[in-house]
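Undergrad: A single structure is presented below for examination.
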Amino acid sequence: MQKSPYYIWKFLKGQNRDFPSGLEGQGRFGPISAVRKFIPAIQMPRITQIRTIQKNQNLLAIHKSHAVQKNSSIAQIHLHTQVLAHQILVHLLGRSCTLGIAESFTGGLITQYFSQIPGASSALAGGVVSYAEQAKMRILGVRAETLARYGAVSEECIQEMLRGALLCFDSDFALASSGFAGPSGEKVGEIFLGILHRSGAKKILQVRIFGTRVQIQQKGCSMILQEFLSFLQNFTPCP
């Protein structure tokens, strides 16, 4: 159960800490700022990072900062995604295959993971960030009828983005991403990811990811690379 600054102040004051005068009577939400200034060594967290443990007992558990958890999570996913990109590149180079990428909600992140690797140009044909619907239509050839009927975040749109990427880059494989990264909207975290080979073999995923905007983008990127690596490992080599 979340506690207001007033109750947290009362708890800390009840521990016989030598609080400076003037803290009392500052109002329901006043004391917390003064408490933070008085005990900077404790690094007072935000209220949402504190909860009570065991009912009716004056024990507080200070959770790890949400920001620290978020950054740690993103860092771990980032490292994992880098490994995936290297493994995928090895497979593509070993088969003399090329890759074209069409991105929407990931904003170029998928392409970036490959472009950071020396020698990636031998397999990475290119990438497009078709963020707006007009870009999807003009660059990738997504039909206006598809967008009007199904929307940009749909299996139908992903399929046309994949075909557009193959044609645009004349590549052997194509990857595509489209989704709602948030933070506003009812469908935040709903994403579509697609993989297509020029033979017609494909895989399309519809998933729901939870987290911040950055986390959704990062997790979506990691997810499609994980699926693509699995796709390659079970795929007949390019002719």
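Undergrad: Just give me the residues in the range 144-184 being over 18 Å from the mean Cα position of the chain (by Cα), in a loop (DSSP other than H, G, I, E, B) and surrounded by 21 or more Cβ atoms within 10 Å (Cβ to Cβ), in sequence order.
TA: Ala152, Ser171, Asp172
Undergrad: Of everything in the range 123-143 that's part of a loop (DSSP other than H, G, I, E, B) and hydrophobic (A, V, I, L, M, F, W, C), which residue is surrounded by the fewest Cβ atoms within 10 Å (Cβ to Cβ)?
TA: Checked the range 123-143; the qualifying residue surrounded by the fewest Cβ atoms within 10 Å (Cβ to Cβ) is Ala132.
Undergrad: Can you tell me which of (1) assigned to a helix (DSSP H, G or I); (2) surrounded by fewer than 20 Cβ atoms within 10 Å (Cβ to Cβ); (3) of a type outside the set (Ser, Thr, Tyr) is the one Val188 doesn't meet?
TA: It fails just one condition, (1).
Undergrad: A further question follows. Hey, any hits in the range 192-200 for a residue that's crowded, with 16+ Cβ neighbours inside 10 Å, modelled with pLDDT of 95 or more and β-branched (Val, Ile, Thr)?
TA: Yes: one or more hits.
Undergrad: Cβ-Cβ under 6 Å, sequence separation 6+ or interchain: first residue in the range 123-148 and more than 17 Å from Thr106 (Cα to Cα), partner charged (D, E, K, R) and assigned to a helix (DSSP H, G or I). Which pairs?
TA: Note: pairs meeting the criteria are Val142/Lys136; Val142/Glu160; Thr146/Glu156; Thr146/Glu160; Leu147/Glu133.
Undergrad: Answer with yes or no whether Ile139 is within 26 Å of Val214 (Cα to Cα) and in contact with a Leu (Cβ under 9 Å, 6 or more places away or on another chain).
TA: When the stated conditions are applied, Ile139 does not pass them.
The values are calculated or read from the model by the stated rules, or taken from the named source; none is laboratory data. Just so it is clear, the structure is predicted and the values come from calculations on it, not from any experiment. Every residue, glycine among them, receives a Cβ derived from its backbone with ideal geometry; neighbour counts consider all protein chains shown.
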